[in-house]
1. In square nanometres and to one decimal, what's the mean projected area of the convex hull around the Cα atoms of region A:57-115?
2. Counting alpha carbon pairs within less than 8 Å and at least 6 residues apart, what relative contact order, in whole percent, applies to chain A?
3. For chain B, modelled as a GNM with alpha-carbon contacts under 10 angstrom, which of B:A243, B:A189, B:A213 fluctuates the most?
4. Please compute the Cα-Cα pair-distance distribution of region B:48-171 with 5 Å bins starting at 0, giving whole percents from short to long.
5. Using only the alpha-carbon atoms of region A:99-170, report the extent along each of the three principal axes, biggest first, to the nearest angstrom.
6. In region A:105-123, which residues have a backbone nitrogen under 18 Å from the label point lying 7 Å from B:R172's Cα in the Cα-to-Cβ direction?
7. Please list, in order along region B:41-49, the HN-Hα scalar couplings obtained from phi with the Karplus expression 6.51 cos²θ - 1.76 cosθ + 1.60 (θ = phi - 60°), rounded to whole Hz, x for Gly and Pro.
8. Apply the Karplus parameterisation 6.51 cos²θ - 1.76 cosθ + 1.60, with θ equal to phi minus 60°, to every residue of region B:228-243 and state each ³J(HN,Hα) to the nearest whole Hz, in sequence, with x for glycine and proline.
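The values are calculated or read from the model by the stated rules, or taken from the named source; none is laboratory data. The shown structure was predicted, so the numbers you read here are calculated from the model rather than taken from an experiment. Counting neighbours? That spans all protein chains shown, and the Cβs are built from the backbone with ideal geometry, glycine included. Just so you know, the surface numbers come from the protein's heavy atoms only, side chains and all, with ligands and any DNA or RNA stripped out. Shrake-Rupley method; radii C 1.70, N 1.55, O 1.52, S 1.80 Å.
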Amino acid sequence: MTREIAVVAFAQTDHRRTSDEHSEVEMLIPVLHDVLDQTGLKTSDIGFTCSGSTDYLAGRAFSFTMALDGVGAWPPISESHVEMDGAWALYEAWTKLLTGDADTALVYGYGKSSPGSVRDVLTRQLDPYYLAPLWPDSVALAALQAQALIDAGETDEPALAGVASRSRASASANSHAQLRGSVAQGDYVVRPLRTGDCPPIGDGAAAVILAAGERARELCERPAWIRGIDHRIEAHSLGVRDLTDSPSTRLAAERAGAFERPVDTAELHAPFTSQEVVLRKSLRLGDEVSVNPSGGALAANPVMATGLIRIGEAAARIHRGESDRALAHATSGPCLQQNLVAVLEGDAR
Amino acid sequence: MPEVLKAPLVVEFPFTRSLGPVQSAFLTGLRERVVLGVRTGDGRTLVPPVEYDPVTAEEIRDLVEVAPTGTVTTWAWNHEPRRGQPLDTPFAWVLVRLDGADTGLLHALDAPGPDAVHTGMRVRIRWAGERSGAITDIACFEPYDGDPSEPTGQGHDGRFEDMVTGIVAPARLDYVYSPGRAQSAYINALAEQRTVGERCPSCRKVYVPPRGACPTCGVATSEQVEVGPGGTVTTYCIVNIKAKNLDIEVPYVYAHIALDGADLALHGRIGGIPYDQVRMGLRVEPVWTEGGRYPEHYRPTGEPDADYEMYKELL
Ligand SMILES: [Zn+2]
């Protein structure tokens, strides 16, 4: 019998364009304390800690070690880090709890995009032989995908604008979001994508606490049980992929059990409007599913935390009784290269 | 709150990378104006080529020559080229399926404007004048309305004279670094030749330099505490190798110094005493130079050595 594991607490910063006054750990500490306070746990009670971030945002080697000051890392704790979005740190923590080595885990992700140019920074994750020397920035690559979708008749610019306005309208109810309410679609950044089709650039952090079995019930009134979680990857080269589809998302969803029963909520990590079109198709989401009620990545995109926030937002809706079965998706890499899908459920009511 | 510090930070690094047999053939080919793909087990031709089949992960080596002409499979108009991109005038990013290939190559297309670009348009390679065996040997693509040029689909042994076996991929990223609240306060105080740390509200330890958090308690620190100027050498080493661009005669002593009132030792160079007379427990004080933003070095105060019991927790 495998252990049941749940998200029992979630917290995030107010995501903002800049946060010069705070170092990464200074930005992170209030969020860590928030999730601990929600559960009544102290840092010394946590069985396993895992984080996601990247040195390329900070421009500094081993930057995550400084952030560890925020979790009470002395005397030595059981800890790990992924150079990925915090959603993948959550995946690692989930496997750790499955082994029975720990009953609780603290997972966090954070990123400050403000010190550098995130469009340029993200070019450094590309293949260094054929792609990186050309410096194709993140918006340019997303725009190639958007044009492929338009050519395939799967969307058009007005439909993309509709995704943008729906997301920012939903974010009106999200006090943490960076872009809320009515946001102009704006000029082309890289055609066919306009500023409104692109995520805001900003700084932020998020944290969740996972707990296994009875421990989860003690810590949370209505735990968000992780029924399944899986992540898959596409070929790196964009020219090998069908950019209008995301087979890796579909496979991850299938392995996570997403297609066994309908979900009522989907938090999708789609930094660009066009990527929501791809994900809705891959995940077979109908209009009855509430997609990104938080506003999603178009409302706040703290790189390295945005995916973890999707899991956190989905879980929080279950905690509040607003959802019974939710899907959370996280992505990494250009044009939805890597995709993680989690299915969360609350106890029957 | 005092002004938070900011400064430009440039990170530059030349990545030196070796090439496998397939990439070596492809990039050397570009230098010779020959475009090579690689054939997969199911008969598709991948351009640019890779060593392993992206579907089956099988090793693939079967090189074939494809044409320098092809078809745009998707595109995006880039009206504001950024540093390092192939063209400095507005251009289209394109994925191009070269004649004879089954996959797309990413590059730039030189076109007068977005109205002159469409998916399905025919293009050809414009070669760079000087070629070294890199993806940038393709300067860009340009519109082309002629016939598909030969040679397509011919096997190729991938051998050229003077094979390219590696590339240097220079990278540069520009940042505006801000050290945050705690470290800004520390650096600002140094400008007044003072050293400030922060006290943990929980365990009461004073951290210097302050990082905004207590690593033991996992809580934010905020109470500023001035420490020093005097301190005690807790441990040290003798440096015998001269660092590049450092104007200090070797051997010299680099030490951990626990400033009075601090619960963490910081680093500093010890001067004003022969290197072989430095010892644990030596009492020292900072020496500032005109306009210096940090102590140039620490020198003995002449006080009696500190008792080991006084600093053993700070080792
Ligand atoms: Zn403390």
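1. So the Cα hull casts an average projection of 4.5 nm².
2. Worked out over chain A, it gives 25 percent.
3. B:A243
4. 2, 10, 17, 21, 21, 15, 10, 4, 0
5. For region A:99-170, the Cα spread along each principal axis is 50, 39, 30 Å.
6. It comes to A:116-123, nothing else.
7. x, 8, x, 7, 10, 9, 9, x, x
8. Each residue of region B:228-243 in turn: x, x, x, x, 10, 6, 9, 7, 7, 9, 9, 8, 10, 10, 6, 7 Hz.
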